[in-house]
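Chemist: I'd like to ask some things about the structure below.
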Amino acid sequence: MRSVPPAPHGAPSKPVYSGTETTGRIKSLTRGQGCGMISSPEGDVFFHKADFKGKFFELEVGDRVVFEL
């Protein structure tokens, strides 16, 4: 992982790879809470159904996905 210089005071920080399109697989789903985890080469990523473009309830563990942080 690359080191990130500190953000200017008051500015939100973003991951180094922010805005990069990445592929991964659905690792787990918590349907009752509308969220899940994606396993990707950069590490596991949490997501909420509000951030998902498509039908969240049609997702299955192991599905391939493309996402952007």
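The values are calculated or read from the model by the stated rules, or taken from the named source; none is laboratory data. Note that the coordinates shown come from a computational prediction; the quantities given were computed from them, not determined experimentally. For neighbour counting, all protein chains shown are included, and Cβ atoms are generated from backbone atoms with ideal geometry for every residue, glycine included. Calculation scope for accessible area: heavy atoms of the full protein, side chains included, ligands and nucleic acids excluded. Shrake-Rupley method; radii C 1.70, N 1.55, O 1.52, S 1.80 Å.
Chemist: Quick one: 3J(HN,Hα) in Hz for segment 57-66, Karplus 6.51/-1.76/1.60 with θ = phi - 60°, rounded, Gly and Pro as x.
Modeler: 6, 8, 5, 10, 4, x, 4, 7, 9, 10
Chemist: Identify all aspartates and glutamates with a Cα-Cα distance to K53 below 16 Å; exclude those on the same chain that are fewer than 8 residues away in sequence.
Modeler: E21, D63, E68
Chemist: Within segment 27-69, which residues have the backbone N less than 16 Å from the label spot 7 Å out from T20 along Cα→beta-carbon, could you tell me?
Modeler: 39-45, 66-69
Chemist: Something else: How much accessible area per residue does segment 16-69 have, in Å², with a 1.4 Å probe?
Modeler: Heavy-atom SASA per residue in segment 16-69 reads 69 Å².
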